[in-house]
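Working notes, structure below.
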Amino acid sequence: MKRIALLTRDCGGVNAAIRAVVRTAVAAGLEVEGVMRGYAGLMSGDFVPLDRRSVSNIIGLGGTILKTARAEDFCREESQRLGLARLRERRIDGLIVIGGNGSLAGARVLSQVHGFPVVGIPATIDNDVPGVRLAIGTDTALNVALDALDKIRDTATSLERIFVVEVMGRNCGWLAMQVALSGGCEEVLLPEKDVPIDALCAEIREGRARGKASWIIVVAEGRATAADVAEAVSAGTGLETRIAVLGHIQRGGRPTAADRIMAARLGHAAVEALVEGCAGGLVHILDDRLEFLPFGAAGEVKITDIEADYHLLKVLS
Ligand code: F6P
């Protein structure tokens with residue numbers, strides 16, 4: 001293994017992971033090329049050489065210095081072959097892919113179908129990678145969303161209002177659940193759990209009768225829109241309800257210490273795995289230990305326990 005390439009998506013901690021990959025690789029005597037704009041750049045052959053200097057002062061930056069783009073086209077075998085040809089043109093011996101389920105699916109195909117040495121690093125605010133407890137980016141997104149939610153609470157409390165806050169996460173409720181739990185919210189609506197709106201409205205009406213003034217309801221984007229929930233809650237309670245859609249602010253921002261440390265460990269481990277000839281899977285941390293998970297080995301198993309956290313939220317709210 002002499003030359004490796006690195007391809008990324010964006011979220012808090014990805015730049016810290018790029019830095020860790022590049023500096024570990026250089027220390028091991030390897031050359032590193034960054035792939036610009038994800039799989040789109042892989043297909044068009046858009047590479048940039050990365051050395052120790054090119055990753056200076058990026059540890060605290062959000063996003064990815066390599067840019068990123070959606071590349072639906074990469075599911076076609078022809079596109080994958082084009083990507084492989086680009087890697088071979090650049091004499092690349094191994095690839096590291098940093099991203100969520102979409103990016104890691106591409107990594108898996110390159111590895112399992114085409115036999116190219118690839119190691120993945122889970123990085124997504126959705127925290128929906130099967131078999132992985134925490135992806136890079138989750139802690140930053142959670143803290144960004146919590147900061148916004150704390151501000152909304154100031155207004156909700158002052159105006160004695162109901163707020164519905166919509167949180168990202170694609171089809172997974174992990175981020176919404178953690179935002180709601182850490183923000184001390186009254187309710188959270190998740191794709192994984194059915195909470196009837198009628199029951200929620202009854203709970204609010206009873207709370208009002210006891211003198212409770214404000215509510216914050218978090219809704220995961222994979223469950224419903226904040227607008228639809230607010231309309232239903234308003235209709236069912238007769239109370240004024242406002243919404244806040246947090247949107248892409250959750251994917252940006254200065255990475256937290258936890259994400260930077262995970263990025264350092266996983267970036268380092270990914271290079272070591274390639275050097276040791278242990279490709280074909282992703283590196284992650286489980287029970288405080290570095291683990292190597294072969295692509296596909298976890299099936300669809302999610303290891304976050306949303307049910308227990310939901311129960312806790314209801315007891316404490
Ligand atoms: O997967 C990360 C994520 O931010 C999801 O939470 C969200 O549904 C989606 O990406 C948004 O995608 P886009 O930036 O393409 O609108």
Yes or no: segment 178-189 includes at least one residue that is more than 19 Å from Tyr310 (Cβ to Cβ), within 16 Å of the ligand (Cβ to nearest atom) and not assigned by TED's automatic domain parsing to the domain that holds Val129.
no
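Determine which member of the set Asp126, Asp154 is open to solvent by less than 30 Å² (accessible area, probe 1.4 Å) and at pLDDT 95 or above. Explain how you work it out, then say what you get.
Details: Asp154 fails: open to solvent by less than 30 Å² (accessible area, probe 1.4 Å).
When all the criteria are applied, what remains is Asp126.
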Every pair of residues 6+ apart whose Cβ atoms lie under 6 Å, when the first sits in segment 42-53 and is at positive phi while the second is outside any loop (DSSP other than H, G, I, E, B):
Gly45/Arg86
What are the pairs, 6+ residues apart or on separate chains, where a residue within segment 191-219 that is at pLDDT 95 or above has its Cβ under 7 Å from a residue that is β-branched (Val, Ile, Thr) and open to solvent by 40 Å² or more (accessible area, probe 1.4 Å)?
Ser214/Thr157
Qualifying position, being in contact (Cβ under 8 Å) with a residue 12 or more places away in the chain and either within 30 Å of Ser111 (Cβ to Cβ) or touching a helix residue (DSSP H, G or I) at 6+ places or on another chain (Cβ under 9 Å) (or both), among Asp288, Asp259:
Asp259
Residue in segment 235-253 that is nearest to Val144 (Cα to Cα), counting only those that are open to solvent by 40 Å² or more (accessible area, probe 1.4 Å) and out of contact with any Gly (no Cβ under 9 Å at 6 or more places or on another chain)
Ile249
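From the list Val97, Val32, which residue is within 18 Å of Ala264 (Cα to Cα), surrounded by 24 or more Cβ atoms within 10 Å (Cβ to Cβ) and within 16 Å of the ligand (Cβ to nearest atom)?
Working: Val32 fails: within 16 Å of the ligand (Cβ to nearest atom).
Among Val97, Val32, only Val97 is within 18 Å of Ala264 (Cα to Cα), surrounded by 24 or more Cβ atoms within 10 Å (Cβ to Cβ) and within 16 Å of the ligand (Cβ to nearest atom).
Please find, within segment 100-146, the residue that is nearest to the chain's Cα centre (by Cα) out of those that are more than 13 Å from the ligand (Cβ to nearest atom) and farther than 22 Å from Ile285 by Cα.
Filtering segment 100-146 for residues more than 13 Å from the ligand (Cβ to nearest atom) gives 106-121, 130-134, 139, 143, 146.
Now drop any that are not farther than 22 Å from Ile285 by Cα, which leaves 109-110, 112-116, 146.
Values: Val109: 21, Leu110: 22, Gln112: 24, Val113: 26, His114: 27, Gly115: 27, Phe116: 25, Leu146: 16 Å.
Among residues in segment 100-146 that are more than 13 Å from the ligand (Cβ to nearest atom) and farther than 22 Å from Ile285 by Cα, the one nearest to the chain's Cα centre (by Cα) is Leu146.
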Arg9, sole failed condition from (1) touching a strand residue (DSSP E or B) at 6+ places or on another chain (Cβ under 6 Å); (2) away from the ligand (no atom under 16 Å from the Cβ):
(2)
Any residue in segment 67-75 that is under 16 Å from Ile98 (Cβ atoms) and either outside any loop (DSSP other than H, G, I, E, B) or in contact with a Cys (Cβ under 9 Å, 6 or more places away or on another chain) (or both)?
yes
Does Val271 count as more than 16 Å from the ligand (Cβ to nearest atom) and either outside the structural domain of Pro196 (by TED's automatic domain parsing) or over 29 Å from Leu110 (Cα atoms) (or both)?
yes
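Would it be correct to say that Val48 is among the hydrophobic types (A, V, I, L, M, F, W, C), touching a strand residue (DSSP E or B) at 6+ places or on another chain (Cβ under 9 Å) and within 16 Å of the ligand (Cβ to nearest atom)?
Details: among the hydrophobic types (A, V, I, L, M, F, W, C): yes; touching a strand residue (DSSP E or B) at 6+ places or on another chain (Cβ under 9 Å): yes; within 16 Å of the ligand (Cβ to nearest atom): no.
It is false that Val48 is among the hydrophobic types (A, V, I, L, M, F, W, C), touching a strand residue (DSSP E or B) at 6+ places or on another chain (Cβ under 9 Å) and within 16 Å of the ligand (Cβ to nearest atom).
The values are calculated or read from the model by the stated rules, or taken from the named source; none is laboratory data. Please read all numbers here as calculations on a predicted model, not as lab measurements. All Cβ positions, even for glycine, are placed from backbone atoms using ideal geometry, and neighbour counts span all protein chains on display. With ligands, DNA and RNA removed, areas are computed over all heavy atoms of the protein, side chains included. Shrake-Rupley method; radii C 1.70, N 1.55, O 1.52, S 1.80 Å.
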